[in-house]
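Let me begin by presenting the structure, written as structure tokens, before commenting on it.
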Amino acid sequence: MARPKLCDSIRGLIGPSRSKLRMPYEPSIIEPRWQKFWAEQRTFRTVEDHAKPKYYVLDMFPYPSGSGLHVGHPEGYTATDILARYKRMRGFNVLHPMGWDAFGLPAERAAERDGRHPADITKTNTDNFRRQIQRLGFSYDWDREINTSTPDYYRWTQWIFLRLHERGLAYRAELPVNWCPALGTVLANEEVSPEGTYKETGDPVEKRLMTQWMLRITAYAERLMKDLDLLDWPEPVKKMQREWIGQSNGAEVDFKVAGSERRFTVYTTRADTLFGVTWCVLAPEHPLVQELTTANNRAAVDAYIQRSTRRSDRERKADQATKTGVDTGARAVHPLTGELLPIWIADYVVGGYGTGAVMAVPAHDARDHEFARTYGLPSKTVVLPAAGSAACEGAFGDDGVSAHSGIYSGMSSAAMRTRITQDLEASGQGRAKVQYALRDWLFSRQRYWGEPFPMVIGADGVAVPLPDDALPVELPHLVDFKPTADGRPPLARAESWLQVADPRGGMALRETNTMPQWAGSCWYYLRYLDPKNDQAPFAPEKERYWMPVDLYVGGTEHAVLHLLYSRFWHKVLFDIGLVSTPEPFQKLFNQGMILAWSYQDASGKYWHEKDIEERDGKHFVRATGASVETRVEKMSKSKLNVVNPDDIISEYGADAMRLYEMFMGPLDMTKPWQTRGMEGVSRFLQRSWRLWLAGDDDTWAAQLSEAAPSEDIERQLHRTIAGVTEDLEQMRFNTAISKLMELVNTLTAAPQRSRATLNTYLLLVAPFCPHFAEEIWRRLGHKNSIAYAPWPVADLSKLIESTLTIPVSVNGKLRTTLELPLDATEAQIRELALADPGVQRHLAGATIRKVIYVPKRMLNLVVGPPA
RNA sequence: GCCCACGUAGCCCAAUGGCAGAGGCAGGGGACUUAAAAUCCCCCAAGUGUGGGUUCGACCCCCACCGUGGGCACCA
């Protein structure tokens, strides 16, 4: 899609001899000039200024990948930049920082592949990301740039880890973990998909027993759940977090094992179905299984355990439909009826949740029902849909009325739950229990490129924290990032680093696992407040001034990862007294994904947009004429539909790119990129530019009128101020831009242009296309940046229309429009409407049954056949 | 299977109970030009996914269905 540059075409046309040269809009000259100015003047350096209200607007900082920025990044960044600039003009003290989430797997894998050090690769990538981001003219305070992989940053990540450790929130445990053979590391639950694969790459994940660092996020489950209510976040994100935390209110019930002193405890949310229990099920890994299993059943039980531990989560889920299990031969005693109930093991009961044991109620639970059918186990109905109604076929899982439940019969399910739980508690056989699906956070990785733990393992095997003054524990320089031959993590290769004095005396070995990538992002929003502090992670008074983050913009992919982890750390810091707010991010906004059209021919081959032509709404390969299927898809190299921001900026400029990113549609919506759409915003900028050049004169702004603008223009101007301001407050950037376009279209058509009007317009457009605005602002004679000029205020008295326009409809269909003086009364409007020939035609031979008048809005006549 | 969001001119999107069009792309015509580009002006085009309902009046609210995208899915 070649497009001649404006400057080239003009030069080609006029040559050096022509004197009346219009000054063209040339973003390629203007934009670097102002970017340099902002950097040199430190225009966006932020200081604590308690005289002003603060506004902390934050982007989710990027992982600087090798492939550079894609058009999705600048979408969120542009939105926050516009708001940051708008808020500055409104007199806010704005904190708007950027940095790099620079530790992580991809750099380490690239290092293995390319033979370069991860630090080196990370440096190249961050330099490229910074260059690309700066080309868009964002008003970040670059003095606050941070990088999670630098020792002066991760020193404090380690420091916070020590605080967690002190409080018993970090511990080592041997447990079955998610091991990804392809990556050679363990993963957190949050990183594993329901299918049992790594969410990022799709590599399979299996269970392995390993000793790992865990963070006790479960201790905060309730607060993480409850405090969601305090937040101005999108409902779907809150819902995802609630589901992940998975609170359930139920009861524990103790069962005795017949002929033994042993007991086991089940967890249930349906204590009201206790009389319907016909057997119990333990998870295969339940600690009592070995002891309970009778000699006759031992072989079958062992075989089943063997089989189920080998099965990955993925396999388990694959055949959810068929439930399997084996009888242990042992019997449990029903706590209320004394009945003997078989004890089975089955892998649909998961060891890590609740007590790892359940009571089976086949009449009222779909899983148990199916299990009963498969193995011919009995069933007892104890809940009826309504009093006296018949028992249902299949499992009746809803609440109803209790039956065959002794003294509880006839109670509602809810009432019986409360009552029986109290009674069990009184007799020591049970208790109310709130259970969470959330597990502790697996916090170590067998990787090189991450934060080292500030811990050593003593000769006695005890993990010992290093003192604060030993921080940072720097990552030793390695050239080989593979695990050692005996399977220890890569850091075990750093032999001289490994040996260290045990703070308790003697020698110890350093912890060789590293922290996961999420560690650095758990608190980075706090480091921005005070990024150079070498005495503390941040100064308390700065935290009190800036926190919480007023607006946090990023994609939904972090709904239960980063956003849950950082809330957890923040709450710990809150409990320690290091931060003053219970939550870090007051308002969250998710930008939508940007997709792109793809073109695929009948053979399945993808074509680049530039090789496609359109005829009569159908698309064809230009060279061959073959027809192609068009689809909106995620951008990917294989689909040949990737858009590179650098190319767009080279062709149209950063201001145009910013405008288009916002103009495409609502920020939170998924929408397709169409490079053709750049034409519209580019023309808008050029038309805007020409507003300051009148006629053929090349003297900048010389012919602007000093007279007051016409009443119509004045009205539209103030309507635009009010509209754009409201749209910005609501983050409706697309409609704000369209209002600005409308104004420009009007001003372009106007016979003369008032300097005052254009001044206001320039202020309104400045947050959207800042280079453009700075350039004109300077040419108008201002010495300072427009960035801190005051935002215009709409004069509401100027919005009043001079006449009233009333649409008149008959039976809801528009028939005419009346133009009336502002003070027209309903009676006058009615009279005029009835006299209108267009209306009368539809009244002929009919009776008016009703007249609806909405003051100053519309008039509707409801008519029917003659009475 | 369950939950959520979205379906409006050829395309991206406005309009949130009151005139279906704010803005843009694409398309057509005209002005300017020796011509073209650029620019300016004008025009074209949907009755709002489908079927019901509520209402004087529905893109908007309610019900069912279809399509697209996203999330969840043995948690007892």
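The values are calculated or read from the model by the stated rules, or taken from the named source; none is laboratory data. Source: prediction; values computed, not measured. Backbone-built Cβ (ideal geometry, glycine too); neighbour counts: all protein chains shown. With ligands, DNA and RNA removed, areas are computed over all heavy atoms of the protein, side chains included. Shrake-Rupley method; radii C 1.70, N 1.55, O 1.52, S 1.80 Å.
Carbon and sulfur together cover what percent of the accessible area of chain A at a 1.4 Å probe radius?
52
Convert each backbone phi in the stretch A:257-271 into a coupling constant with the Karplus relation 6.51 cos²θ - 1.76 cosθ + 1.60 (shift: θ = phi - 60°), then list the ³J(HN,Hα) values in order as whole Hz, x for Gly and Pro.
Going residue by residue, I get 8, 4, x, 7, 7, 6, 10, 9, 10, 10, 10, 9, 9, 10, 4 Hz, with x marking Gly and Pro.
In units of 2.2 N^0.38 Å, what is the alpha-carbon radius of gyration of the stretch A:802-864?
It is 1.03.
To the nearest 10 Å², what's A:K482's accessible area with a 1.4 Å probe?
110
Can you put A:H608, A:H570, A:H73 in order of accessible area, largest first, using a 1.4 Å probe?
A:H608, A:H73, A:H570
Modelled label-to-label distance, A:R373 and A:L822, 7 Å Cα→beta-carbon offset: nm?
7.5
Could you work out the local net charge near A:V810, counting Lys and Arg as +1, Asp and Glu as -1, over the other residues with Cβ closer than 12 Å to its Cβ?
+4
Using only the heavy atoms of the protein chains and a 1.4 Å probe, how would A:K610, A:K323, A:K571 rank by accessible area, largest first?
Descending accessible area places them as A:K610, A:K323, A:K571.
Among A:510-519, A:751-760, A:232-241, how do they line up by average Cβ neighbours within 10 Å per residue, starting with the highest?
Most protected by this proxy first, the peptides run A:510-519, A:751-760, A:232-241.
Would you rank A:M507, A:M858 by solvent-accessible area, highest first, keeping every protein chain in place and using a 1.4 Å probe?
A:M507, A:M858
Under the rule of at least 5 residues apart or a separate chain, name every residue whose amide H is placed under 5 Å from the amide H of A:H619.
HN-HN under 5 Å from A:H619: A:V628.
Express in Å², to the nearest 10, the accessible area of A:R732 obtained by rolling a 1.4 Å probe over the protein heavy atoms while all chains stay in place.
So the heavy atoms of A:R732 present about 100 Å² to solvent.
Skipping prolines and chain starts, which residues have an amide H placed within reach, meaning under 5 Å, of the one on A:L804, given they are 5 or more residues away or on another chain?
Close amide H contacts, sequence-distant or interchain: A:L820, A:L822.
Which order do the peptides A:738-747, A:162-171, A:558-567 come out in when sorted by mean C-beta neighbours inside 10 angstrom, highest first?
Going from most to least packed, we get A:558-567, A:738-747, A:162-171.
Among the GluC sites (Glu not before Pro) in the stretch A:363-444, which ones are in a DSSP loop with at most 13 other Cβ atoms within 10 Å of the Cβ? Mind listing them?
A:E393
If a/c stays under 1.5 just call it rounded; otherwise compare a/b with b/c (prolate if a/b is bigger, oblate if not). Do that for the stretch A:672-797, with a ≥ b ≥ c from the square roots of the Cα gyration tensor eigenvalues.
Cα axes put the stretch A:672-797 in the rounded bin.
Run through every distinct alpha carbon pair of the stretch A:247-436 and return the Kirkwood hydrodynamic radius in angstroms, one decimal place.
After inverting the mean inverse Cα-Cα distance, the result is 16.9 Å.
Looking at chain A, send over the antiparallel percent of its DSSP beta bridges, to the nearest 5.
If I count the DSSP bridges inside chain A, around 80 percent turn out antiparallel.
Just how much of A:W142 is accessible, in Å², when a 1.4 Å probe is used and the result is rounded to the nearest 10?
Probe radius 1.4 Å; accessible area of A:W142 about 60 Å².
Accessible area per residue, 1.4 Å probe, Å², for the stretch A:673-742: what's the number?
43
Quick check: net charge around A:R113, other residues with Cβ under 14 Å of its Cβ, Lys/Arg +1 and Asp/Glu -1?
Summing Lys/Arg as +1 and Asp/Glu as -1 gives -2.
Give the residue list of trypsin sites (Lys or Arg not before Pro) in the stretch A:240-276 that are DSSP loop and have at most 16 other beta-carbon atoms within 10 angstrom.
Counting only loop positions with at most 16 other Cβ atoms within 10 Å, the trypsin sites (Lys or Arg not before Pro) in the stretch A:240-276 are A:R262.
To check my understanding: the extent here is largest minus smallest coordinate of the Cα atoms along each principal axis. What are those three numbers for the stretch A:360-449, in Å, largest first?
Result, largest extent first: 67, 37, 21 Å.
Taking the stretch A:761-806, which trypsin sites (Lys or Arg not before Pro) meet the DSSP loop condition and have no more than 15 other C-beta atoms within 10 Å?
Here the sparse-neighbourhood loop sites are A:K783.
If you bin every alpha carbon distance in chain A into 20 Å steps from zero, what whole percent lands in each bin?
Taking every Cα pair in chain A, the percentages come to 12, 32, 32, 19, 5, 0.
Give, in nm to one decimal, the length gained when the segment between A:C392 and A:M23 is fully stretched (0.36 nm per residue of separation minus the Cα-Cα distance).
Extra length from A:C392 to A:M23 when fully extended: 124.5 nm.
Helix A:105-114: angle to the longest alpha-carbon principal axis of chain A, degrees 0 to 90, nearest 10?
Long axis of A:105-114 versus the principal axis of chain A: about 80 degrees.
Skip the ligands, DNA and RNA, and give the accessible area per residue of the stretch A:247-436 with a 1.4 Å probe, whole Å².
Result: 47 Å² of accessible area for each residue.
Where only protein heavy atoms count, and the probe is 1.4 Å, what is the accessible area per residue for the stretch A:802-864 in Å²?
Result: 61 Å² of accessible area for each residue.
Rounded to whole Hz and in sequence order, give me ³J(HN,Hα) for the stretch A:753-761 from the Karplus expression 6.51 cos²θ - 1.76 cosθ + 1.60, θ = phi - 60°, writing x for Gly and Pro.
Along the stretch A:753-761, the couplings run 10, 7, 4, 5, 5, 5, 4, 5, 4 Hz.
Rounded to the nearest whole Å³, what is the per residue volume of the convex hull around the Cα atoms of the stretch A:115-239?
Looking at the stretch A:115-239, the number lands at 212 Å³ per residue.
I'd like the Karplus ³J(HN,Hα) series for the stretch A:40-47: coefficients 6.51, -1.76, 1.60, θ = phi - 60°, whole numbers in Hz, and an x wherever there's a Gly or Pro.
Per-residue couplings from phi come out as 5, 7, 6, 4, 10, 5, 10, 10 Hz.
Taking amide hydrogens as modeled 1.01 Å from N in the peptide plane, which residues meet the under 5 Å criterion relative to A:N93, leaving out close sequence neighbours?
Here A:K54, A:Y55 satisfy the definition.
Below 8 Å between Cα atoms, with a sequence gap of 6+, how large is the relative contact order for chain A in percent?
RCO, chain A: 13 percent.
Output needed for the stretch A:463-584: three equivalent-ellipsoid semi-axes, defined as square roots of 5 times the C-alpha gyration tensor eigenvalues, in descending order, whole Å.
For the stretch A:463-584, the ellipsoid semi-axes come out as 33, 20, 13 Å.
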